[in-house]
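Read-outs: derived from the displayed coordinates by stated rules, not from any lab. All figures in this text were calculated on a predicted structure; none of them were measured in a lab. Reconstructed Cβ throughout: ideal geometry from the backbone, glycine too, with neighbour counts over all protein chains shown.
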Amino acid sequence: MKIFSESHKTVFVVDHCPYMAESCRQHVEFDMLVKNRTQGIIPLAPISKSLWTCSVESSMEYCRIMYDIFPFRKLVNFIVSDSGAHVLNSWTQEDQNLQELMAALAAVGPPNPRADPECCSILHGLVAAVETLCKITEYQHEARTLLMENAERVGNRGRIICITNAKSDSHVRMLEDCVQETIHEHNKLAANSDHLMQIQKCELVLIHTYPVGEDSLVSDRSKKELSPVLTSEVHSVRAGRHLATKLNILVQQHFDLASTTITNIPMKPTFSVFDQEEQHANTSANYDVELLHHKDAHVDFLKSGDTHLGGSSREGSFKETITLKWCTPRTNNIELHYCTGAYRISPVDVNSRPSSCLTNFLLNDPRYKIDGSLEIPLERAKDQLEKHTRYWPMIISQTTIFNMQAVVPLASVIVKESLTEEDVLNCQKTIYNLVDMERKNDPLPISTVGTRGKGPKRDEQYRIMWNELETLVRAHINNSEKHQRVLECLMACRSKPPEEEERKKRGRKREDKEDKSEKAVKDYEQEKTWQDLERLKSILERGKEELAEAEIIKDSPDSPEPPNKKPLVEMDETPPVEKSKGPVSLLTLWSNRINTANSRKHQEFAGRLNSVNNRAELYQHLKEENGMETTENGKASRQ
Amino acid sequence: LCILIGNIGLIFIMPTVVVMDVSLSMTRPVSVEGSEEYQRKHLAAHGLTMLFEHMATNYKLEFTALVVFSSLWELMVPFTRDYNTLQEALSNMDDYDKTCLESALVGVCNIVQQEWGGAIPCQVVLVTDGCLGIGRGSLRHSLATHNQRSESNRFPLPFPFPSKLYIMCMANLEELQSTDSLDCLERLIDLNNGEGQIFTIDGPLCLKNVQSMFGKLIDLAYTPFHAVLKCGHLTADVQVFPRPEPFVVDEEIDPIPKVINTDLEIVGFIDIADISSPPVLSRHLVLPIALNKEGDEVGTGITDDNEDENSANQIAGKIPNFCVLLHGSLKVEGMVAIVQLGPEWHGMLYSQADSKKKSNLMMSLFEPGPEPLPWLGKMGQLGPISDAKENPYGEDDNKSPFPLQPKNKRSYAQNVTVWIKPSGLQTDVQKILRNARKLPEKTQTFYKELNRLRKAALAFGFLDLLKGVADMLERECTLLPDTAHPDAAFQLTHAAQQLKLASTGTSEYAGYDHNITPLQTDFSGSSTERM
């Protein structure tokens, strides 16, 4: 691909001399008889377009198709030529649209048939065309600036499409010579200028047009190299629709376009563009719409050998069209389709009703634009991701706090760059609420999945929860002073666990065990990984009979949500095993299922069998043997 | 509006066809200083063994087929992931007659098209000694008659599928250059649109030098692409498969192929509906890999039902991996992750089901540039929702800021006037006429259509049309029934007059931006419609 190929710059030079005001001698009936009220009325005489009108509307059609398919980087400069050259627009992107060109053409108006033909010439326009090709476009400028020392890589090529009425073949040769000479001169000028670029390659397309019914004084000639810089081709075309067809063929050649016809498009009277008063208003026939687009869109079809070639297209454009059958989209089906290319399109017959029905149907959805801020938004997005992932457990059983509805108000705001006073207050409330829960001895959603027994004791659960919450808050204390205040509140509230007094009473043996769980908290990460391995192992074991391997992936959606969203799992603040009232949560269902499955595979733990209310007193034998502490080997921390 | 082109299928596959020359010349002995005597085919088998071993470790999902050829060709091993079978076949090859490359290449076409169709990229590894056969069917003969082909006996190159042709010569450069063999082989690569490369043995023919030649092939075409997937502090080591091809943005101004980063940084998430089905350069599987402490790869994280799970796989599958979290989340949320591939180069990560039970984490590469998807605008301008003054998706998630409206509407969205076909002109005139007959109710539409026609006629210099329509409106005025509203006659006369003035082309009346406005009459006050 080359951005700066000949197609980057197209100059139209349209003859505006007196003879272009001549009729093309192709009549257009515009006063169509309308049934049932025209008796006795003679329709108005048909009118005909001038050579000028034919030339202008055909070149506008060329531009329309080009702009539709290449809204950027393909530029047109429009020049009309009579006693001088009138350059109607510039290479800037703002000037590249049909409205601008139409307005400029209206200002020029049709050629004046009474002007002195001696003063008028297409040569003025051709000279101006060469001049304008030397002018640098925004895109060329940008690329040169970007490439710096490699600026010479930016090419300057272009195409001149000249529509005129020539006198003879030698007249055509004179025009060609003039262009060649002008390029030579301007390239010399451009060599010494920063604002101009030398023309490396110029394609001259000379179109001789003449009234229908007359003999052509100019013969066609295919592309010929006149110099290393200039090639030229001559087309001798009758005016009227013949000229339009020619320019349609040329735009397809110049921009590598191909045609696709969408067939069998259902058109119901309900389609908004369908005017009730027009014919067929109550029939819902199927229509075909021919579209132009870059021919790469066809490469895959041609390769697959699956050519839906529908013969040559109706309007006699130069290439075969590929037919595709319309499929009404299922609107609520959102999925990614594999798409190797998206190609901009332009309808061949833009304001025919089938075309406009199709495009309106496709365009029919509300759009609006988003405001951009001063900073680069994408960098802000990365920044946000960084904050959100400072503490992010990967597996649901690794986390307590992200399973707790009660923590959400804090977790959702602590990741922010800055906090409001209200945010701080909410965080503090959250912490107080947790303290309250601890005092009431509310159960926590510590996962028991994969662990043997029923998990850590209640006070250990809270220790784990507080540690995790501290980790989360600490990850953000450098964001702002207010984040710091949240941590201070957290540290103040958790510093005196209410059961501490009680624990002291329990004596030394108990303390030893505490050391173990202290270690467990420290080795939190490793420990949880181990638990998880156990859990996954159990899933894998059962996999063959119950669960497909997809379950492993399915499992991950259960992972914690970003804190600013609602957690997927509602915990109800009830521990899975002791669950008795209220709606059953997904986690409870899951845990129960796993526990039941697991219980079938091993002998029930003696402690649980002998438990009262799911509580078994540990180390009963120690009571009897009084003081033997030999059995502890780390298992305790795993419970 | 765009037309979207795509296809469905196994896209992340890049099968290999090994095409082995088993003509007699491959049995030529190689002079080795040592005791054992080797033939060229032994060297070839040695090189291929090395390739197969490499693939068995790094490309275990890939399919490979083995074709042998002399004057005939035979598919020894159809496409398989079982490298043992391929290896066995290497040791069971017989020797045959002369080399006939063209028929073998035709065979490759058939095999690949039958198995994969025309869209799956395929690597063809041709192993030969550079003796190109004699007489009919020799490569020289094929190339000499290349220009005289009809569609029915088309030369098999370029392959009718995306391809790379690697020619592994069991000969060194000097030997090939002593005849025109090298030129002929180079022609083959040219005929394949330059897609491919010739490898020759550096120095004397021996096992070591064959190894180094196949090593170069592996480096070029079979090196797994390892990257680190990052999302803030979350990271995962991944293999991107098949390896992303370097991309040339513009052969002239930016001829250096762009290669994607090995750090793939997620920059945000977006709804599938918003990104719709964007055009992409290529699609790849993103596979988590486990790296041991020394940094060596110990295996991919996905398990294949057909194969024994090795212990590395088991370990990889059980360590919590960000890929799994990401994949599951994208799937559940119906979103894709936008990933930075390089400067001004992005792609997307998404979940794609390849069967009812299995889905994969995939990565697609967009075309490099600041705005690969026009309906999203500039990539750099996409930002977090929380930065917007109000949520662009609405409080109830019932709207979307995408697609963005293009600055200049395309022709089909802006009601352009085209009169190339008479029917276009006739429709526009009839619209005016229809509304003229319903004056004054349709005053507004009447003048809207009238002004549209006026503008176009002025731009095209089609002043006769303005005169003609003026005449027509005057005639309509005379045809008004007695029951007609008196305002109708006034408006028709006024409109006709204005058109006639415009048709003179004098700047005062023929201004493009000037609009004909309805005549203010005593009756117009009673009209419900106002401009």
#### Entry: Per-residue average of Cβ from other chains inside 10 Å of A:153-161
1
### Query
So what is the relative contact order for the stretch A:382-479, in percent, with contacts set as C-alpha pairs under 8 Å and at least six apart?
40 percent
### Message
Taking θ = phi - 60°, what integer Hz values does the Karplus form 6.51 cos²θ - 1.76 cosθ + 1.60 yield along the stretch B:456-469, in sequence order, with x for Gly and Pro?
### Response
5, 4, 5, 5, 7, x, 9, 6, 4, 5, 4, 4, x, 5
### Message
Over chain B, what is the relative contact order in percent, taking alpha-carbon pairs closer than 8 angstrom and at least six residues apart?
### Response
8 percent
### Message
Using amide H atoms built in the peptide plane, which far-off residues or other-chain residues are under 5 Å from residue A:47 H to H?
### Response
A:28, A:30
### Under the Karplus curve 6.51 cos²θ - 1.76 cosθ + 1.60, θ = phi - 60°, whole-Hz ³J(HN,Hα) for the stretch B:428-441, x wherever Gly or Pro sits
5, 5, 5, 4, 5, 4, 4, 5, 4, 6, 10, 6, x, 4
### Query
For the stretch B:15-124, what is the percent of antiparallel DSSP beta bridges, rounded to the nearest 5?
45 percent
#### Entry: chain B: antiparallel DSSP beta bridges as a percent of all, rounded to 5
65 percent
### Query
Shape of the stretch B:422-510 from its Cα gyration tensor (a ≥ b ≥ c, root eigenvalues): rounded if a/c is under 1.5, otherwise prolate when a/b > b/c, or oblate?
prolate
#### Entry: Percent RCO, i.e. relative contact order, over the stretch B:16-222, from Cα pairs under 8 Å lying at least 6 residues apart
23 percent
### Task
Treating the angle as unsigned and between 0 and 90°, give the value, to the nearest 10°, between the Cα long axis of helix B:322-333 and the longest Cα principal axis of chain B.
30 degrees
### Message
Please compute the average number of Cβ atoms from other chains found within 10 Å of each residue's Cβ in peptide A:142-148.
### Response
1
### Query
How big is the Rg/Rh ratio for chain B, C-alpha atoms only, Rh by Kirkwood, two decimals?
1.19
#### Entry: Rounded Å value of the spacing that divides the Cα centres of the stretch B:25-99 and the stretch A:44-62
70 Å
### Query
What list of ³J(HN,Hα) values in whole Hz, one per residue of the stretch A:474-487 in order, does the Karplus curve 6.51 cos²θ - 1.76 cosθ + 1.60 (θ = phi - 60°) give from phi, with Gly and Pro shown as x?
4, 5, 10, 5, 7, 4, 6, 5, 5, 4, 4, 5, 5, 5
### Message
Using amide H atoms built in the peptide plane, which far-off residues or other-chain residues are under 5 Å from residue B:269 H to H?
### Response
B:338
### Loop trypsin sites (Lys or Arg not before Pro), the stretch B:26-81, which have at most 16 other Cβ atoms in a 10 Å radius of their Cβ (DSSP)
B:60
### Query
Per residue of A:47-57, what is the mean number of Cβ atoms on other protein chains within 10 angstrom of that residue's Cβ?
5
### Summary
Around residue A:156 (Cβ within 9 Å, Cβ-to-Cβ, excluding residue A:156; K/R +1, D/E -1) the net charge comes to +3
### Task
Please give the peptides B:443-456, A:183-196, A:50-63 ranked by average Cβ packing (other Cβ atoms within 10 Å per residue), highest first, as a rough proxy for protection.
A:50-63, B:443-456, A:183-196
### Task
Show the residues, 5+ positions off or on another chain, whose built amide H is closer than 5 Å to the amide H of residue B:99.
B:133, B:134
### Query
Can you give the net charge of the other residues whose Cβ lies under 15 Å from the Cβ of residue B:78, counting K and R as +1 and D and E as -1?
-4
## Note on the structure
Given unit charges at Cβ for Lys, Arg (+) and Asp, Glu (-), the dipole magnitude of the stretch B:422-510 about its Cα centre in debye, nearest 20, is 280 debye
